[in-house]
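*Asks:* Pasting in a structure now, in structure tokens, and then I'll have a few things to ask.
The values are calculated or read from the model by the stated rules, or taken from the named source; none is laboratory data. Everything numeric here is computed off the predicted structure, so don't read it as measured data. Cβ: placed from backbone, ideal geometry, glycine included. Neighbour counts: every protein chain shown.
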């Protein structure tokens, strides 16, 4: 992972785009925020307390979903410290690098199909 402002701005840009193209998600996020913020403070800037943030479950899920679909760093690579045999049976030497796409993995049906099938429970 590369640290810096571009990864944060990329993640927030994709999140805002996804929310703006899914009005039902925007409504649920607004409803959740309105349930946390007292009515008399709704027009003021304020800092959330940690306990309040823990109650923003739908917002957290929406952010995680945006990161799954549009990861700020779409490719990652790893190299083992010592020789290793992968579950697939492939041998990986310490000087070898494994390159994988987080963008593609976020769309793999065999990883995410069960979650999509049960998404009606999450969406309430």
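*Asks:* Of the numbered conditions (1) touching a helix residue (DSSP H, G or I) at 6+ places or on another chain (Cβ under 7 Å); (2) touching a residue at least 12 places away in the same chain (Cβ under 8 Å), residue 111 fails exactly one; give the number of that condition.
*Replies:* Of everything listed in (1) touching a helix residue (DSSP H, G or I) at 6+ places or on another chain (Cβ under 7 Å); (2) touching a residue at least 12 places away in the same chain (Cβ under 8 Å), residue 111 misses just condition (2).
*Asks:* Looking at segment 51-71, can you tell me whether even one residue there is outside any helix (DSSP H, G or I), in contact with a helix residue (DSSP H, G or I) (Cβ under 6 Å, 6 or more places away or on another chain), at pLDDT 90 or above and within 23 Å of residue 101 (Cβ to Cβ)?
*Replies:* Yes, segment 51-71 contains a residue that is outside any helix (DSSP H, G or I), in contact with a helix residue (DSSP H, G or I) (Cβ under 6 Å, 6 or more places away or on another chain), at pLDDT 90 or above and within 23 Å of residue 101 (Cβ to Cβ).
*Asks:* Please work out if residue 74 is within 30 Å of residue 104 (Cα to Cα), touching a helix residue (DSSP H, G or I) at 6+ places or on another chain (Cβ under 7 Å) and loosely packed, with under 15 Cβ neighbours inside 10 Å.
*Replies:* In short, yes.
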